[in-house]
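S.K.: Let me give you the structure first, and then I'll get to my questions.
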């Protein structure tokens, strides 16, 4: 049987896809990148915004339209929050809520009466990650969140915090590394809360990974900007820990942060950024910003805009606030008119592009080890353009002969020029 795995949303969804892919392969089934070839399609849906929920519904319809003979299993936050609606969509054979995700593969194979004759060896030579065209792996270390930010529906969908045992994570990383993976990204709904239910913590987990694995590159997923200890900053003295963090700020105005029930003030956020940049030159800080949160005055917006500009993020994910039933923010007064939200979003997008370009330019002339990926673009002169990422998460391209491959190799590159969405570099071999 061929299985196609699809996701919308966060890195945690990606990590869950990798786990499912390996479980399907272990059961003797194949992973295909082509949905039209699949006997079974699994979608990990998203509901972080109303738009994400809409995209989830549309994708379900498109998957069924493109391959009506395939069985379709839907999981994720949209499917959990809207289980009856998801189940009623044409083509959906099974809905698996977030609390049952660990049993998704078993449920799909048994309850859908799928053919269990092996399609390939239960010890595949090619890890599912490569089958899907990736050179790095997302490793889920925890689920759920104990906090209740007033805008967030994900904590409702994901439930309470549950952490994986340290040894289970180490074993997974060692398995991935033995299969050729050189970079893993630790993910979770509340990654910084890892171990709250196990008498463990994130720093201890990372130290254990560094000690008990040989994975060359360890990257962290989205981290809430609180609960950082001095020992956390010391982790970045190890070159195997990548100097990039995605720290969701959400607003640069303290009064808005209070209404959001965020646990970091702008002064504390500034201290975190300064410590990281003092630790590693050109440390890349990326973030999330919500535009048009209820009650956001023009003064608060300008205060937020000025703070974002002063921090100088390497990249900004911009979300226009949308009301989500079941969240406290949906009941707050002062809902912002759509034209104002659109205007502020456009203003912030312009700033984000400027800041990104400035960060790119600040890295020109530097040499970084780059993990090169499979994706390439053919050029007219018998060459190809290949892409990869620096440790501080800059997308880089270089040109090599069309008959050569650097896929999944880490080769240094000197950054020479800025393009629209990436940097150009020269290989140093």
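S.K.: In region 338-371, what residues are more than 23 Å from residue 312 (Cα to Cα) and not in a helix (DSSP H, G or I)?
M.R.: Once the filter is applied, which keeps residues that are more than 23 Å from residue 312 (Cα to Cα) and not in a helix (DSSP H, G or I), region 338-371 yields 369, 370, 371.
S.K.: Out of (1) within 26 Å of the chain's Cα centre (by Cα); (2) in contact (Cβ under 8 Å) with a residue 40 or more places away in the chain; (3) closer than 28 Å to residue 306 by Cβ, the odd one out for residue 349 is which?
M.R.: The single condition residue 349 does not satisfy is (2).
S.K.: Of everything in region 322-337, what is outside any loop (DSSP other than H, G, I, E, B) and either surrounded by 17 or more Cβ atoms within 10 Å (Cβ to Cβ) or at positive phi (or both)? Give them in sequence order.
M.R.: 329 - this is the single residue of region 322-337 that is outside any loop (DSSP other than H, G, I, E, B) and either surrounded by 17 or more Cβ atoms within 10 Å (Cβ to Cβ) or at positive phi (or both).
S.K.: Can you name the residue in region 21-57 that is in a helix (DSSP H, G or I) and out of contact with any helix residue (DSSP H, G or I) (no Cβ under 8 Å at 6 or more places or on another chain) and is also surrounded by the most Cβ atoms within 10 Å (Cβ to Cβ) among such residues?
M.R.: So the residue we want is 55.
S.K.: State all residues of region 284-319 that are touching a helix residue (DSSP H, G or I) at 6+ places or on another chain (Cβ under 8 Å), in a loop (DSSP other than H, G, I, E, B) and surrounded by fewer than 19 Cβ atoms within 10 Å (Cβ to Cβ); if no residue qualifies, say none.
M.R.: The answer is 295, 312.
S.K.: Among the residues of region 391-423, write down those that are touching a residue at least 24 places away in the same chain (Cβ under 8 Å) and either in the same structural domain as residue 182 (by TED's automatic domain parsing) or not in a strand (DSSP E or B) (or both).
M.R.: Within region 391-423, 391, 392, 393, 394, 402, 406, 407, 408, 409, 421, 422 qualify.
S.K.: Within region 378-386, identify whether any single residue is closer than 25 Å to residue 218 by Cβ, under 24 Å from the mean Cα position of the chain (by Cα), part of a strand (DSSP E or B) and modelled with pLDDT under 95, and answer yes or no.
M.R.: Yes: region 378-386 contains one or more residues that are closer than 25 Å to residue 218 by Cβ, under 24 Å from the mean Cα position of the chain (by Cα), part of a strand (DSSP E or B) and modelled with pLDDT under 95.
S.K.: Return a yes/no flag: does region 169-185 have any residue that is buried (at least 22 other Cβ atoms within 10 Å of the Cβ), farther than 25 Å from residue 371 by Cβ and either free of Cβ contacts under 8 Å to residues at least 12 places away in the same chain or assigned by TED's automatic domain parsing to the domain that holds residue 140 (or both).
M.R.: No: region 169-185 contains no residue that is buried (at least 22 other Cβ atoms within 10 Å of the Cβ), farther than 25 Å from residue 371 by Cβ and either free of Cβ contacts under 8 Å to residues at least 12 places away in the same chain or assigned by TED's automatic domain parsing to the domain that holds residue 140 (or both).
The values are calculated or read from the model by the stated rules, or taken from the named source; none is laboratory data. Predicted model, so just to flag it, every value in this text is computed and none were measured. Note that each Cβ is placed from the backbone with ideal geometry, even for glycine, and that neighbours are counted across all protein chains shown.
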